[in-house]
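S.K.: Quick one: this structure, given as structure tokens, is what I'll be asking you about.
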Amino acid sequence: MNTEYGMVRPEDARTGMTHGVPLDPEKLPDLPLVAHPLDPAFPDEHWYSVKCAPQDLEELIRTPKYHTWQGEQWLFCCGRPAVFAGTLNSLSLAKFVPQIGAPPQDILDGLASQLGIQLPISLQDLDGGSVGVYVFRCQECQGLLSHVDYD
Ligand SMILES: [Zn+2]
């Protein structure tokens, strides 16, 4: 299973760590990270794995993948893999923002800003399938997270 912090294979799940990704040591996320030894061939690359409970990673690799354009990228929050909550479109919008009265595009704009999505997106883009917004919910803080891809 691919995550924002690298692949999780069965052997990674058993050790409770993602395979790892290069990160900027000045801008590390608030997660339990394990720094990899520096590779003398690539002294500017600082690789990190996220450490979490082996049972959380074992559950993650047994979870069905969700459909994307570019491939799944499971997200983490509060030291655990978040739960995939669904793909954002006009049918699912109310599931993420139970808000009555505002025009759907205004609700979408509010959610996009809450999720930190930089580019403007429209319901037509989402429903037409040219943009995919994949929403996750943290199991601990209940916060929403997302990643975006394009066809
Ligand atoms: Zn959280």
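S.K.: For segment 71-93, does any single residue satisfy the condition of being touching a strand residue (DSSP E or B) at 6+ places or on another chain (Cβ under 8 Å), at pLDDT below 95, assigned by TED's automatic domain parsing to the domain that holds Leu144 and assigned to a helix (DSSP H, G or I)?
M.R.: The answer is no, given that none of the residues of segment 71-93 is touching a strand residue (DSSP E or B) at 6+ places or on another chain (Cβ under 8 Å), at pLDDT below 95, assigned by TED's automatic domain parsing to the domain that holds Leu144 and assigned to a helix (DSSP H, G or I).
S.K.: If I ask for residues that are away from the ligand (no atom under 16 Å from the Cβ), closer than 21 Å to Pro29 by Cα and part of a loop (DSSP other than H, G, I, E, B), which ones from segment 129-151 would you list?
M.R.: If the condition is that a residue be away from the ligand (no atom under 16 Å from the Cβ), closer than 21 Å to Pro29 by Cα and part of a loop (DSSP other than H, G, I, E, B), then no residue fits.
S.K.: Something else: State which residue pairs qualify: first residue more than 23 Å from Val50 (Cβ to Cβ) and inside segment 69-91, second residue outside any loop (DSSP other than H, G, I, E, B) and among the hydroxyl-bearing types (Ser, Thr, Tyr) in any location, beta carbons under 7 Å apart, and separation of 6 or more residues or different chains.
M.R.: Trp69/Tyr150; Thr87/Tyr134
S.K.: Does Val8 qualify as being surrounded by fewer than 17 Cβ atoms within 10 Å (Cβ to Cβ) and modelled with pLDDT of 95 or more? Can you show your working first?
M.R.: Values: surrounded by fewer than 17 Cβ atoms within 10 Å (Cβ to Cβ): no; modelled with pLDDT of 95 or more: yes.
For Val8, the condition - surrounded by fewer than 17 Cβ atoms within 10 Å (Cβ to Cβ) and modelled with pLDDT of 95 or more - is not met.
S.K.: Something else about it: Restricted to segment 106-128, and to residues that are assigned to a loop (DSSP other than H, G, I, E, B) and over 24 Å from Thr3 (Cβ atoms), which residue is nearest to the ligand (Cβ to nearest atom)?
M.R.: In the first step, residues of segment 106-128 are kept if they are assigned to a loop (DSSP other than H, G, I, E, B); the result is 116-122.
Applying the additional criterion that residues be over 24 Å from Thr3 (Cβ atoms) yields 120, 122.
Details: Pro120: 26, Ser122: 28 Å.
The qualifying residue nearest to the ligand (Cβ to nearest atom) is Pro120.
The values are calculated or read from the model by the stated rules, or taken from the named source; none is laboratory data. No experiment lies behind these values; they were computed from the predicted model shown. Cβ sites come from the backbone with ideal geometry, for glycine too, and all protein chains shown count toward neighbours.
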